[in-house]
Amino acid sequence: MALRRALHFVFKVGDRTKTATFYRDVLGMKILRHEEFEEGCKATCNGPYDGKWSKTMVGFGPEDDHFVAELTYNYGVGEYCLGNDFLGLTLQSSQAVSNAKRLNWPLKQVEESLYMTEAPGGYRFYLIDKELPNCDPVQKVSLAVSDLQRSVHYWSALLGMKVIEKNEDKKIALMGFSDNQCKLELQDIGGAVDHGTAFGRIAFACPRDQLPDIEALMKKEKQKILTPLVRLDTPGKATVEVVILADPDGHEICFVGDEAFRQLSAVDPKGNDLLDEAMAADKSDEWFAKHNKQKASA
């Protein structure tokens with residue numbers, strides 16, 4: 001499974017302007033690409049919504065060798081309800097810690113050289129107060145599970161991840177497809193996992209010819225398939241194929257064909273400007289205020 005790699009985590013955002021400030025000015029990430037869509041995604045990338053939405057990819061470097069964030073913004077939704085499913089994203093950057101302090105962004109010291117902060121919407125980020133490494137600064141994504149043994153079996157035996165570390169006392173397992181990628185940390189919370197309406201999705205790439213095999217294995221094992229193998233078209237860009245699964249706790253997992261995704265995910269030098277233009281053109285807040293209404297709470 002060495003050919004499989006971690007790509008990104010999908011966050012739903014209600015305030016695109018504050019969110020952009022967090023990722024760009026606090027974390028120090030770059031806008032890798034930005035796209036606007038007039039209707040919902042066939043693979044529900046933006047959640048169960050049909051209206052106008054946008055997708056912004058942000059990270060410390062190209063998606064070929066960095067784990068990034070996919071920010072989905074639905075124009076008619078102002079906020080989402082957090083569950084207990086997403087426990088945090090950990091990255092190494094003393095500059096991000098300095099940025100947060102300089103900008104008075106709320107920052108809590110968890111232990112020596114480790115801080116916790118929140119992106120707009122309440123998503124937790126853990127910042128290791130050390131210089132940016134030569135490799136990807138994003139180290140792990142942490143998700144809650146209700147039965148660690150069951151989840152480890154799913155992710156290792158069915159999806160091919162290797163167990164890097166396992167702590168039975170803390171009920172935590174660290175997993176990954178390779179040592180030099182962003183890791184997946186599973187933490188047993190001793191109860192049900194609630195995804196709220198802010199639920200995200202973790203994405204991985206694999207050779208395109210593995211997608212039918214993944215789908216077939218999940219059918220054989222009677223595991224949940226949210227979206228059977230489907231082609232997703234992006235005008236003017238590569239068409240990718242994806243299979244979307246749900247693990248035993250309902251965490252959404254997207255596997256995408258690597259060959260086409262590498263073309264689709266090429267960094268767009270206009271990405272930053274496109275996001276700024278879209279935010280400037282977005283008059284949805286003014287419209288709701290003018291009509292004495294509030295954006296929907298999902």
Problem set entry | Inter-label distance for ARG231 and VAL267, nm, one decimal - labels placed 7 Å from Cα along Cα-to-Cβ | 3.1 nm
For this session: Quote the charge dipole size of the chain about the Cα centre in Debye, to the nearest 20; the model charges only the Cβ of Lys and Arg (+1) and of Asp and Glu (-1).
Result: 240 debye
Seminar exercise, completed: Per the charge dipole of the stretch 120-167 (beta-carbon charges, Lys/Arg positive, Asp/Glu negative, Cα centre), the residue among TYR123, PRO133, ILE164 reaching farthest to the positive end is ILE164
Problem set entry | Tail fraction, Cα-Cα pairs, the stretch 1-115, threshold 20 Å, whole percent | 50 percent
For this session: Using every pair of alpha-carbon atoms in the stretch 141-298, split the distances into 5 Å bins beginning at 0 and state the percent of pairs per bin, rounded to integers.
Result: 2, 7, 13, 15, 16, 14, 11, 10, 7, 4, 1, 0
Exercise. Averaged per residue, what accessible surface does the chain expose to a 1.4 Å probe, in Å²?
Worked result: 47 Å²
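If contacts are Cα pairs under 8 angstrom and at least 6 residues apart, what is the relative contact order of the stretch 5-290 in percent? It would help to have the intermediate numbers written out before the result.
Details: 638 pairs, mean separation 58.4, N = 286.
Reported relative contact order: 20 percent.
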Exercise. List the aspartates and glutamates whose alpha-carbon lies under 14 Å from that of LYS170, not counting same-chain residues fewer than 8 positions away?
Worked result: ASP147, GLU185, ASP188
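Among the listed pairs LYS183/LYS220; LYS140/LYS270; LYS130/LYS171; LYS18/LYS101; LYS55/LYS283, which have their C-alpha atoms separated by more than 19 angstrom in this model?
Numbers: LYS183/LYS220 27 Å; LYS140/LYS270 28 Å; LYS130/LYS171 27 Å; LYS18/LYS101 16 Å; LYS55/LYS283 17 Å.
Over 19 Å apart, Cα to Cα: LYS183/LYS220; LYS140/LYS270; LYS130/LYS171.
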Exercise. In cubic angstrom, how much convex hull volume per residue do the alpha carbon atoms of the chain span?
Worked result: 135 Å³
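Put LEU143, LEU217, LEU132 in order of accessible area, largest first, 1.4 Å probe: what do you get?
Working: LEU143 5, LEU217 55, LEU132 90 Å².
If we order LEU143, LEU217, LEU132 from most to least accessible, we get LEU132, LEU217, LEU143.
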Exercise. Given the C-alpha centroids of the stretch 10-30 and the stretch 184-262, what is the distance between them in whole angstrom?
Worked result: 24 Å
For this session: Could you please put ILE189, ILE214 in sequence from largest to smallest accessible area, using a 1.4 Å probe?
Result: ILE189, ILE214
Problem set entry | Solvent-accessible area of ASP258 with every protein chain in place, 1.4 Å probe, in Å² to the nearest 10 | 20 Å²
For this session: Specify the residue with the greatest mean-square fluctuation among CYS45, CYS135, CYS254, computed from a Gaussian network of the chain linking alpha-carbon atoms under 10 Å apart.
Result: CYS135
Exercise. Working out 0.36 nm times the residue gap between ILE172 and ASN84, then minus their Cα-Cα distance, what length gain in nm do you get to one decimal?
Worked result: 30.1 nm
Seminar exercise, completed: Measure of exposure for TRP53: accessible area at 1.4 Å probe, Å² rounded to 10, is 10 Å²
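The values are calculated or read from the model by the stated rules, or taken from the named source; none is laboratory data. These numbers come from a predicted model, not from an experiment. Neighbour counts are summed over all protein chains in view; Cβ atoms, including those assigned to glycine, are modelled from backbone coordinates with ideal geometry. The area values use the complete protein model at the heavy-atom level, side chains included, leaving out ligands, DNA and RNA. Shrake-Rupley method; radii C 1.70, N 1.55, O 1.52, S 1.80 Å.
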